[in-house]
Amino acid sequence: MPIGSISSSALSAIAAYGTGLNVTANNLANVNSKDFRPSTPMMNEDGNGAVKVTISKSQDTEVDIAKEMVDMMIEASAIKANIKTLQTEDQVIKNLIDIKV
C-alpha cells in the first residue's frame, strides 16, 4: 500500500469514527426525549481502502446507555489508533528523508 493511501485511509477512518462519536453523543443527549429513536453508525470500507460511515435509525425506541458508552469507547479508541498510524507514517517518512540526506 503506497504511503499516501495509508494516510488517506487513516484520515477517512478518523472522520468516520468522529461521525460515529457524534451519533453516539446525540443518542445519549436524547436519552429522555419522547419518541426519540436512536441512530446506529455502520463503518464500511470502500474499494480504495477508505472508511465510510452509514447511519441508520434503530427500530428501538429506547437508548441503551450501556451500549452507547461501549460504542463511544470503541470509536474513541479507533480514532486514537488511526492518529497513531498517521504519526508512524510521519516518522517513517522522516527516517527515509534522513537516510536519503
Practice item. Select from Ser12, Ile99, Thr61 the residue farthest towards the positive end of the dipole of the stretch 3-100; place +1 on Cβ of Lys and Arg, -1 on Cβ of Asp and Glu, and compute about the Cα centre. Key: Ile99
**Study point:** Cα-based equivalent ellipsoid, the stretch 3-100: semi-axes from gyration tensor eigenvalues, Å
**Key:** 35, 13, 7
Exercise for review: Work from the charge dipole of the chain (Cβ charges, +1 for Lys and Arg, -1 for Asp and Glu, about the Cα centre) and give the residue of Met72, Val23, Gly49 farthest towards its positive end.
Suggested key: Gly49
Revision key, fill the gap. Taking the chain and counting helices only, DSSP H stretches of n ≥ 4 at -39,500 (n - 2.57) each over all residues, the nearest-500 ellipticity at 222 nm comes to -22500 deg cm²/dmol
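Coordinate-derived values only; no laboratory data. What you see is a predicted model; the values in this text were computed from it and never measured. With ideal geometry, Cβ positions are generated from the backbone for all residues, glycine too; neighbour counts draw on all protein chains shown.
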